[in-house]
Amino acid sequence: MAHAYTPGLKVIPRILVHKTRRLPLKGKVTVEKGQQVDAEMVVATTDLPGNVVPVNLANMLNIDASEIVEILIKKPGDSIQEGDIIAETRGLFGLFKTKAHSPANGTLEAVSGITGQAIIREAPIPVSVQAYIEGKVTAIIPDEGVEISAAASFIQGIFGIGGERRGAIKVLTRDTKTPISEDMIDESCKGKVLVGGAFLSYKAFLKAQKAGATGIVVGGFNYRDIKKIVGYDIGVAITGQEDINTTLIITEGFGDIHMAQQTFDLLRSHEGRMASINGATQIRAGVIRPEIIIPIDDQDAIQEHKAELFGMEPGTVVRVIRAPYFGMLGEVTELPHELQRLESGSLARVAKVKLQEGGKEVLLPRANLEMIETK
């Protein structure tokens, strides 16, 4: 049987999700293997080194650098507060002394008798990592973090902005073709993950953000409006670190594109349940997709989901990722072995796809298709 290897998105009702939660540098793991954790629970902590503040004592005191060590009031390793005296000259007959004051709080880390410089290290910056999803700790990474596993519904999007957030799902539209309008958004959206079938306008996003929505999951969005939200061109960079209060996840693509029916139905079936979302996206090597994770209750009934090394075959559900059928879903009906000549004149491997809308059967390059994993 013919197979075609192609990237794909996951829209899976029941899967065992594994998330690695790791510190940026070594620290302390605060949970144990086998422990049940809530999404907001801190699972690991560490301290980032504080900022370094250089102080030119020789210039401040108008003395030679070699004299600095002898006139220190504070010694290396001492705690120091802003305004404290670091060093003081002897003056004349004990009078007319010149003093060098600390410009910051922290610790006097070092003083050089060669350069006349003192280094003040500000207080460490505490960093903690939360579980992100409700589940069980299945592995400990010593001094670094944990792996958390949970039975969940798992949905990936095409593109997103904004980082990890959590909220109850609230479906705003009645079907996949209805856009989210401003009048659908009110104070009841605060703390919620809003779901809409089709397009989301820039004004509607701003209103949702003002209302305190945790996130929005929608079929399509205007690419030009991304820059208005974040203040700069996204390009091909990794997203997820934007300074915004509402995470946006686009499931289908840019423009007025309605959400895939199976994606919408799955989200709607979980209305009112808590979801963990992350808009982080990378579209180059090492692809990262935005995600929605909705924990489910049947932990014992679910089986491990294993990635298998096969691709498209007749019956596979795919999304078209190039014009003129961009965003449409269909089912592969045939995978011809022979190369086919395209309208451009080039030869390529193709797939025959029956589109869900209208039932039209079209011949498309396999490179223009993205497999949707639903089981």
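The values are calculated or read from the model by the stated rules, or taken from the named source; none is laboratory data. What you see is a predicted model; the values in this text were computed from it and never measured. Cβ: placed from backbone, ideal geometry, glycine included. Neighbour counts: every protein chain shown.
Quick rundown of the values:
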{"read-out": "Residues satisfying the stated conditions in the stretch 258-278, i.e. in a loop (DSSP other than H, G, I, E, B) and closer than 15 Å to residue 177 by Cα", "value": "258, 259, 260"}
{"read-out": "Flag if residue 260 is in the same structural domain as residue 155 (by TED's automatic domain parsing), crowded, with 17+ Cβ neighbours inside 10 Å, over 19 Å from the mean Cα position of the chain (by Cα) and within 22 Å of residue 330 (Cβ to Cβ)", "value": "yes"}
{"read-out": "Check on residue 299, under 22 Å from residue 17 (Cα atoms), exposed (fewer than 13 other Cβ atoms within 10 Å of the Cβ), modelled with pLDDT under 85 and among the polar types (S, T, N, Q)", "value": "no"}
{"read-out": "Residue within the stretch 46-62 that is free of Cβ contacts under 8 Å to residues at least 60 places away in the same chain, over 30 Å from residue 146 (Cβ atoms) and surrounded by fewer than 12 Cβ atoms within 10 Å (Cβ to Cβ) present", "value": "yes"}
{"read-out": "Members of the stretch 248-269 found to be of a type in the set (Ser, Thr, Tyr) and out of contact with any strand residue (DSSP E or B) (no Cβ under 6 Å at 6 or more places or on another chain), listed by number", "value": "269"}
{"read-out": "Of all residues making up the stretch 245-257, the number that are charged (D, E, K, R) and either over 14 Å from residue 328 (Cβ atoms) or assigned to a loop (DSSP other than H, G, I, E, B) (or both)", "value": "1"}
{"read-out": "Among residues of the stretch 72-106, those that are in contact (Cβ under 8 Å) with a residue 40 or more places away in the chain, within 17 Å of residue 52 (Cα to Cα) and part of a strand (DSSP E or B), counted", "value": "2"}
{"read-out": "Residue count for the stretch 215-238, restricted to those that are surrounded by 24 or more Cβ atoms within 10 Å (Cβ to Cβ) and either farther than 28 Å from residue 357 by Cα or of a type in the set (S, T, N, Q) (or both)", "value": "1"}
{"read-out": "Of all residues making up the stretch 207-244, the number that are over 14 Å from residue 160 (Cα atoms) and either in contact (Cβ under 8 Å) with a residue 12 or more places away in the chain or outside any helix (DSSP H, G or I) (or both)", "value": "9"}
{"read-out": "Pick from the stretch 334-361, criterion within 36 Å of the chain's Cα centre (by Cα) and in a strand (DSSP E or B), ranking: modelled with the lowest pLDDT", "value": "348"}
{"read-out": "Lone qualifier among 203, 170 - being modelled with pLDDT of 95 or more, of a type in the set (Lys, Arg) and either closer than 30 Å to residue 64 by Cβ or in a strand (DSSP E or B) (or both)", "value": "170"}
{"read-out": "One residue from 69, 31, 17 being part of a strand (DSSP E or B) and surrounded by 12 or more Cβ atoms within 10 Å (Cβ to Cβ)", "value": "17"}
{"read-out": "Top-ranked residue of the stretch 108-130 - restricted to ones that are among the β-branched types (Val, Ile, Thr) and farther than 26 Å from residue 58 by Cβ, ranked as surrounded by the fewest Cβ atoms within 10 Å (Cβ to Cβ)", "value": "125"}
